[in-house]
Amino acid sequence: MWKGALCVGTANLVPAFSGRRLLYVAASLSARAQQSQKKLEPVEIPGLEPITYWDRMHYVPGLADPKCPVWDRGWEDPFHRRGPKYEEMPLYKGKPCYTFHQRTKMLEGVKQALWLTKSKLIEGLPKQILSIAEDPANRIEDQDERVKAAVSHARFWTTTEIRPKRDRFCPVLMQDLLHLCRILQPRFPTLGNRILAENYSVAAMWERGFRDGYPFPHAHTLYITESSVNMARFREEPLRAKMIMFTFANALARAKLLYGEDPKVLDNPITVQCIATNGRIFQFLVLQLNTTDLQSSNDGVKNLIWLDRDQLLYDYAKCLPTIRKKMIQVPAGLSGYCPETFSKFLALYLHGAV
């Protein structure tokens with residue numbers, strides 16, 4: 001445990017504290033320092049007028065601060081312009097609107113996302129997708145060896161670093177796995193009707209940055225990776241909540257385009273999938289949008305979400321072995337490969353085409 005010393009009074013008194021005790025003392029001292037630096041709020045007593053240094057034209061200790069009127073320059077200074085208050089703006093609304101973006105982390109995680117989207121959670125993947133994953137006819141030739149080669153390409157062959165960062169190998173691994181899935185296009189021709197759109201934006205009006213009459217308006221599968229240095233790293237629970245929110249946004253935008261803006265129960269449900277990974281652990285999600293009426297109570301028709309959590313593609317990918325007490329704990333190279341994870345990845349890609 002980290003230890004330190006805190007001098008109190010003279011130099012002869014140096015009591016040593018453990019890490020927790022020292023942090024507690026330091027925190028209490030910093031809190032007192034902040035309280036001492038805060039300015040005391042003025043106390044107004046009815047019937048008494050405070051004595052200020054307004055007539056002195058300079059600061060005088062012991063006298064109260066004067067309330068100066070707002071200075072009117074007589075002209076508009078662009079460098080000192082004071083905008084109107086929020087309540088005075090023409091587009092001001094009394095009811096707040098909360099925005100969910102790439103960096104938003106939900107405090108309650110999946111539970112909060114389910115409440116916001118009026119959805120019911122089902123653990124695991126749907127039976128249709130599991131049947132696709134278990135069917136040998138949907139496998140790629142030398143599937144396991146090719147997936148291992150994709151992992152080695154992302155972790156070892158694209159960099160000379162001993163320990164590459166996630167924002168480097170995670171997108172490379174995702175692209176290699178999608179390339180393996182495209183090999184099955186001659187077997188399933190409908191896969192040619194899809195494209196891969198990167199860094200698109202989704203809103204209630206479905207603004208994707210391409211144009212009106214876009215030939216691919218419906219999102220089939222969303223792929224989320226740790227591919228940016230500036231993006232905050234998400235833990236598993238906030239990441240799964242992020243998957244639910246963005247998948248629901250895509251499905252809702254599609255539903256409003258097909259059925260209009262009025263809340264209603266959909267005649268034909270809309271399904272959108274999502275896959276998120278940090279380069280080693282995969283999260284699989286399938287959302288079925290049954291209703292756009294989110295203002296009603298928790299009773300009635302709900303949306304359905306299937307979630308398969310924390311699926312390992314491999315245990316370790318080490319450039320150098322991990323040695324402890326002269327024993328190799330983790331060997332160099334790829335170890336602990338799990339073929340079932342890529343089978344689910346491929347099944348989600350083939351869903352709708354098989």
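The values are calculated or read from the model by the stated rules, or taken from the named source; none is laboratory data. Since this is a predicted model, take the numbers as computed values, not measurements. Every residue, glycine among them, receives a Cβ derived from its backbone with ideal geometry; neighbour counts consider all protein chains shown. Each accessible area value is taken on the protein alone, full model and side chains, heavy atoms only, with ligands, DNA and RNA left out. Shrake-Rupley method; radii C 1.70, N 1.55, O 1.52, S 1.80 Å.
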| field | Hits in the range 278-337 - residues which are surrounded by 15 or more Cβ atoms within 10 Å (Cβ to Cβ) and of a type in the set (S, T, N, Q) | value | Asn278, Gln283, Gln288, Asn290, Thr291, Thr292, Asn303, Gln311
| task | Could you grab the pairs with beta carbons closer than 9 Å, sequence gap of 6+ or different chains, first residue in the range 189-210 and surrounded by 10 or more Cβ atoms within 10 Å (Cβ to Cβ) and in a helix (DSSP H, G or I), second one modelled with pLDDT of 85 or more and among the small types (Gly, Ala, Ser)? | result | Thr190/Gly352; Thr190/Ala353; Leu191/Ala353; Asn193/Ala353
| query | Would a scan of the range 104-122 turn up a residue that is of a type in the set (S, T, N, Q), in a helix (DSSP H, G or I), farther than 30 Å from Gly300 by Cβ and open to solvent by less than 90 Å² (accessible area, probe 1.4 Å)? | reply | no
| field | Odd one out for Glu145 among (1) in contact with a Phe, Trp or Tyr (Cβ under 9 Å, 6 or more places away or on another chain); (2) assigned to a helix (DSSP H, G or I) | value | (1)
| Failed condition for Ala133, given (1) assigned to a helix (DSSP H, G or I); (2) in contact with a strand residue (DSSP E or B) (Cβ under 8 Å, 6 or more places away or on another chain), with all others met? | (2)
| said: Within the range 63-86, does at least one residue satisfy the condition of being assigned to a loop (DSSP other than H, G, I, E, B), at pLDDT 85 or above, open to solvent by 90 Å² or more (accessible area, probe 1.4 Å) and closer than 30 Å to Thr247 by Cα? | reply: no
| Can you name the number of the only condition in (1) out of contact with any strand residue (DSSP E or B) (no Cβ under 8 Å at 6 or more places or on another chain); (2) within 22 Å of Asn303 (Cβ to Cβ); (3) surrounded by 10 or more Cβ atoms within 10 Å (Cβ to Cβ) that Tyr98 fails? | (3)
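Quick check on my filter: what residues within the range 249-273 are open to solvent by 20 Å² or more (accessible area, probe 1.4 Å) and assigned to a helix (DSSP H, G or I)?
Ala249, Leu252, Arg254, Lys256, Leu257, Leu258, Tyr259
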| field | Residues within the range 297-332 that are within 30 Å of Glu134 (Cβ to Cβ) and free of Cβ contacts under 8 Å to residues at least 40 places away in the same chain, tallied | value | 4
| said: If I filter the range 336-351 for residues that are part of a strand (DSSP E or B) and either out of contact with any Ser or Thr (no Cβ under 9 Å at 6 or more places or on another chain) or aliphatic (A, V, I, L, M) (or both), do I get at least one hit? | reply: no
| Looking at (1) open to solvent by 60 Å² or more (accessible area, probe 1.4 Å); (2) under 25 Å from the mean Cα position of the chain (by Cα); (3) at pLDDT 90 or above, can you tell me which one Leu178 breaks? | (1)
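Examine the range 256-271 for a residue that is under 28 Å from Val147 (Cα atoms) and not small (Gly, Ala, Ser), and state whether such a residue exists.
Yes, the range 256-271 contains a residue that is under 28 Å from Val147 (Cα atoms) and not small (Gly, Ala, Ser).
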